[in-house]
Every structure is written in C-alpha cells, then in structure tokens.
Amino acid sequence: MAAPVSTTAEFDALERRVVDHLFELQPAYAIGLGLHQYDGQVPDLSRAATDSWSARADALLVQLGRFDDASLSETRRIDRFLLRLLLESPLFDLRESQELDRNPMVYVGSISLTAYLAREYAPVEARMRAVVRTLERVPQVLAEGRRRLRGPLPRPFVDLALTIGGGLAPHFQEAVPFAARAAMTGPFDAARSAAESSAREFVAWLRDECLPRAVPDFALGPHRYQRLLFVREGIEAPFEEIRRAGVADLARNQARLEAIAREAHRSAAELFQQMSEDHPAAGDLLATARGFVDETRRFVADRDLAEVPASAVCRVEETPVWGRALSTASLNPPGPFDTGSTDGLYYVTPVDPAWTPVQQEEWLRSMNRASLRNVTVHEVYPGHYLQFLHFNRSTGSLARKVFLSPAFVEGWAHYAEQLAIEQGFRRESPAAEVAQLHDALLRDCRLLVSVGLHAQGMSLPQAIELFQREGHLERLPAEREAIRGTFNPEYFCYTLGKLAILNSRTRFLEPRFSGSLKQFHDTLLGFGCPPIGLLDTLLAAPA
C-alpha cells in the first residue's frame, strides 16, 4: 500500500484537482457559483466520456483516503469529507440512479441560457459568445441523449421532458434582443436554428418512440434512497427516522392551524379562502412585492436576527418569459465567487394578459398578500438573498465555497419563514401565520411523499391523496406535487433542512451563543452551504 500523504500543500493541490474535476462534468454548477471562465462550456455526456470521468473520480477518492486524520487539522478533515461528497454525489447519479440512461430531463434540462441573460456580470458581447457556444453544442447533447436513453423509460420523466423540450425554442428566442445589442445576430441565428431543429427532433423522438413504451417504474428503492441521503447531505440516519420527524412536524403544524381556526371560529378551508381574497391588483403586483422586500429587511434589522450588509440591494423584477411556466417567484442570487454586483434579482411572475379573466383572478388569489409576504421572507429577507450575501462574503476553504447543499439552502429559507412568525412578524393578523403554515404543510407532505414513493412503495394516487388531505391542496396542484416527487426525491430538502437547523439551534443557542439568535444565525450562514449532516459538527468545532 502507498504511504499516507500528510503535507498541507499536497492536500491543497488535491482539493483544487477535485473541484476542477467536478466542474469538468458540471460546468453549469461552476457558472452558478460565479466562475465565469466556464461560460459556454457544455459537458461531454457520451458513455466513454462519463466512464472516463468516473474512473478519474475513483482515483481522486483513493487519494483523499490517503490523508490520515493525524495529518489534517479538524477544519481540513471536514473539508476532506466535503470533497468526498463532491465526488460521490455525481458518481451516484452516473452509476446508481443512472440518470443519463433513464431520465431524458437531464438532457433537455441542462440546456439553459439563463445565466447569460439574467445578470449583466460582463459585457453583452462576452455573454453572447457564451450563448452561441452553448447553442452550438445542443445538437451533440441531444444526439447523445438518443444514444444513451435505451429501454422503457419512466413515464413521468418522459412527460416532463416533453414539456421542457417543447419550451426550448421559445427560451432560445429570448436571447434575440441580446444578440442584436451585441451585433452578433448572424452567428446567433445560425446556432439557434440548428439547436431548435435538434430540439424538435428530440421531442418528436420522445413522443413517438419513448412515450408509447414508457413504464410507471421510477422509484429509487430503499437502498439507493438511503445512499442519496448520504451523498447529498452526509446523512447516515435511517430514512425511516427522517420520515418520523416529518410526521411529527406535520402534526405540529396541523395542530397549530386547527388552533388558529378555532380562535377565529372558522375552518382551515375558510381561513385559506379569506386569505386568498386579499390580493393586489395585477398592475400592483411588483410594487407590492417591493414593499414587502423593504418590510422584511426592516424586520430582520429591528429584531437583530442577522447581519444585513449595508450594501445589500435586491431588485424586484418580472420573471423572464422563459421562466414563467415553472415559477411563481424565485431568486437569482450572486454566487460566492461573483466579483461584481452582489445585487439580488427577486423574480415575481405577473399576470399574463392572454389569460381569461377567471385565470387572472386565480393567479392573483394564489399571490395574495399574506402568501407573497411569506414568499418574500423565503426568497429575500432573511431567506435566500441574505443567505447568499453571507455565502458570498464567507472566507472558508475552496471546498466550503463550492459545496452547495440543497437541504441547507432550502432548509434555511424555510426555517426563515418559521423564524419570522416566532419573532412576531405581522402578529396583528393571523393571515401571516396561516400562510406560513400552509407552506409548511406542503413541505411536510413533500418529505413524506419522497420517502413513500421511493422507499416504501407508495403509489401516485396515494401521494396525490396525501397532498390533498394533509396539505390542503386542490386536485391539480396535488397531482403536480406528486408527479414532481417521482423525478425529484430531493424535495425533502425544505423540511429536512429546517428541522436540522431547529435541532442545532436547540442544542447550541444557549451554551455557545448565550441565547443570541444573531450570533447563531451569522455563524451558521458563515459556514457557506454545508451538508445538513455536518451542522452539529461545525457548530461544535472551536470558534
């Protein structure tokens, strides 16, 4: 056996190689973190290329294992674990869940120009060159998908891939005005034409050949589900323990909602109905959201919940057309490596003038004031935007600047919703808490359905019924949520992350932070976005 490696310089060099290797397979991840030297890069998804990548990842894991604990500080031992997960997570996707061989959404979903259109981090000419390079690779990516996607595919995966694929051409067209600004209409049009043609062919192949043979089989199974929890979040607790925690959180939220309903002499359904009736007019939607951004920022400062940098600016804008089909509201944050503006972009999807009056009213009811406030807490203050400002300012290692835990990211924002209510946000009316509880029940149901569908044999009809009964959803949104669980088992991340943060707060708030929520939150956010399974380890480490 090779002798253990022990020097700091060697570990630093290996850390760099691991991160570079990850970005070779996932350049979009690097771009999202603010590393724009990867702009326009698209990975080679051929079997030969991914097999080669996996073999090199195996070798890097062996090298990580040669560093014994005695040769590393406690901080670097944690970083070694993060680097391990950064390799094992994509290896799980390639070898165990076999995403590239059974999920067409991987191919159509990986084609996006949003990073180049949404933020003006560089001159438009540079961003359009990246757009053109991306479009030029689309035919190759989709052709590789047709070569690798063999055998009957899961029906939910094919259905959604058809929807995403059908939206590619309109998405590409959103770059037309940018091409004109950059005086690159000719190269852009040529690349776009070939990309749109290949997208149409891919969609036709999915519809005509894959859809008729599609099967309902989508579940990971208990073993792979348990592995998913580890490679994504460093969690070794049995998934049944996580399910029980979700059941308990669901019961707590239901009991609180019932108590509010009793005090108001109404049913839960009547509370939701009353809440939905208080909504802004179509033309006031963005102005209302801007007011809520200001309100939530003041609330965080007044309650001294976390540091808000004086330079923080979060702009409210309409969701770009290409994102409206799948988003009600979302945040485009600065990445931890972004060196330009740290402005956040809080997107709110407006009413579509082409909708019928009934559809417009339904949309506005869903964007009622109480719900939009809760969404603003989640997306902006003290949720995602504040979180990513701290991530951007963090001074941790390369591994910590790169690791992006879904359960920490979404768990923090979901925790922020509950935190706001605990601290008296809009206490004068029950509507704020009703909105928060409605979203909490939805996230509880997602966790239970994730475990049920992938590890316990739950059927889609059973999942739909659970969302209707426990989450108070109508039939159509319940169906959408259940179907989402077939291809996105990680939507357990909201409740899982929130509960982990609450557990760590219970354990460390008094003994380490003398009861100061601000110190606890600033310390937690200063870690970056670590796997949930490491929270207690990080908080127990010497300051």
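General remarks:
- For beta carbons closer than 8 Å, sequence separation of 6+ or different chains, a first residue in the range 290-307 that is closer than 21 Å to Leu509 by Cα and of a type in the set (Lys, Arg) and a second that is at pLDDT 95 or above and in a loop (DSSP other than H, G, I, E, B), the qualifying pairs are Arg303/Gln423; Arg303/Gly424.
- Failed item in (1) out of contact with any Phe, Trp or Tyr (no Cβ under 8 Å at 6 or more places or on another chain); (2) buried (at least 16 other Cβ atoms within 10 Å of the Cβ), with Ser267 passing the rest: (2)
- Evaluation of Thr185 against the conditions (1) polar (S, T, N, Q); (2) without any contact (Cβ under 8 Å) to a residue 60 or more places away in the chain; (3) closer than 19 Å to Leu142 by Cα shows that the sole unmet condition is (3).
- Leading residue by the ranking (surrounded by the most Cβ atoms within 10 Å (Cβ to Cβ)) among those in the range 291-309 that are under 23 Å from the mean Cα position of the chain (by Cα) and within 22 Å of Ser371 (Cα to Cα): Thr296
- Within the range 448-477, the set of residues being at positive phi and small (Gly, Ala, Ser) comprises just one member, Gly457.
- Some residue of the range 169-190 being assigned by TED's automatic domain parsing to the domain that holds Arg133, within 22 Å of Phe487 (Cα to Cα) and of a type in the set (A, V, I, L, M): no
- When the range 351-394 is filtered for residues that are β-branched (Val, Ile, Thr) and crowded, with 22+ Cβ neighbours inside 10 Å, the ones remaining, listed by number, are Val375, Thr376, Val377, Val380.
- Selected residue (criterion: farthest from Arg102 (Cα to Cα)) from residues of the range 216-226 that are modelled with pLDDT of 95 or more and out of contact with any helix residue (DSSP H, G or I) (no Cβ under 6 Å at 6 or more places or on another chain): His223
- Top-ranked residue in the range 156-191 [being among the polar types (S, T, N, Q) and at pLDDT below 95; ranked as nearest to the chain's Cα centre (by Cα)]: Thr163
- Qualifying residue in the range 437-446 (condition: over 20 Å from Ala255 (Cα atoms) and free of Cβ contacts under 8 Å to residues at least 60 places away in the same chain): no
For every residue, the table says whether it meets (1) of a type in the set (S, T, N, Q); (2) out of contact with any Gly (no Cβ under 6 Å at 6 or more places or on another chain); (3) more than 30 Å from Glu233 (Cα to Cα).
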position	(1), (2), (3)
Pro350	no, yes, yes
Pro353	no, yes, yes
Trp363	no, yes, yes
Arg369	no, yes, yes
Tyr385	no, no, no
Asn392	yes, yes, no
Thr395	yes, yes, no
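- Residue within the range 403-425 that is over 22 Å from Asp249 (Cα atoms) and either among the basic types (Lys, Arg) or touching a residue at least 60 places away in the same chain (Cβ under 8 Å) (or both) present: yes
- Lone unmet requirement of (1) closer than 28 Å to Arg484 by Cα; (2) outside any helix (DSSP H, G or I); (3) not acidic (Asp, Glu) for Ala122: (1)
- Meets criteria (within 19 Å of Arg200 (Cα to Cα), assigned to a helix (DSSP H, G or I), of a type outside the set (D, E, K, R) and without any contact (Cβ under 8 Å) to a residue 60 or more places away in the chain) for Ala180: no
- Within the range 510-534, restricting attention to residues that are assigned to a loop (DSSP other than H, G, I, E, B) and more than 17 Å from Phe388 (Cβ to Cβ), the residue that is nearest to the chain's Cα centre (by Cα) is Pro531.
- Check on Arg365, closer than 27 Å to Val18 by Cα, of a type in the set (D, E, K, R) and in contact with a helix residue (DSSP H, G or I) (Cβ under 7 Å, 6 or more places away or on another chain): no
- Options Ala287, Ala312, Ala281; residue that is farther than 23 Å from Phe425 by Cβ, surrounded by fewer than 17 Cβ atoms within 10 Å (Cβ to Cβ) and either among the hydrophobic types (A, V, I, L, M, F, W, C) or in contact with a strand residue (DSSP E or B) (Cβ under 7 Å, 6 or more places away or on another chain) (or both): Ala281
- Look at (1) buried (at least 17 other Cβ atoms within 10 Å of the Cβ); (2) charged (D, E, K, R); (3) free of Cβ contacts under 8 Å to residues at least 40 places away in the same chain and you find that Asp249 fails only one, number (3).
- Residue count for the range 373-387, restricted to those that are in contact with a Leu (Cβ under 8 Å, 6 or more places away or on another chain) and either outside the structural domain of Ala440 (by TED's automatic domain parsing) or outside any loop (DSSP other than H, G, I, E, B) (or both): 5
- Top-ranked residue of the range 1-32 - restricted to ones that are in a loop (DSSP other than H, G, I, E, B) and over 25 Å from Asn332 (Cβ atoms), ranked as modelled with the highest pLDDT: Thr7
- Members of the range 471-503 found to be without any contact (Cβ under 8 Å) to a residue 40 or more places away in the chain, in a helix (DSSP H, G or I) and surrounded by 19 or more Cβ atoms within 10 Å (Cβ to Cβ), listed by number: Gly471, Ala478, Glu481, Ala482, Gly485
- Some residue of the range 215-225 being of a type outside the set (Phe, Trp, Tyr), closer than 24 Å to Gly165 by Cβ, in the same structural domain as Leu160 (by TED's automatic domain parsing) and in a helix (DSSP H, G or I): no
The values are calculated or read from the model by the stated rules, or taken from the named source; none is laboratory data. From a predicted model like this one, the values you see are computed outputs, not experimental measurements. Cβ: placed from backbone, ideal geometry, glycine included. Neighbour counts: every protein chain shown.
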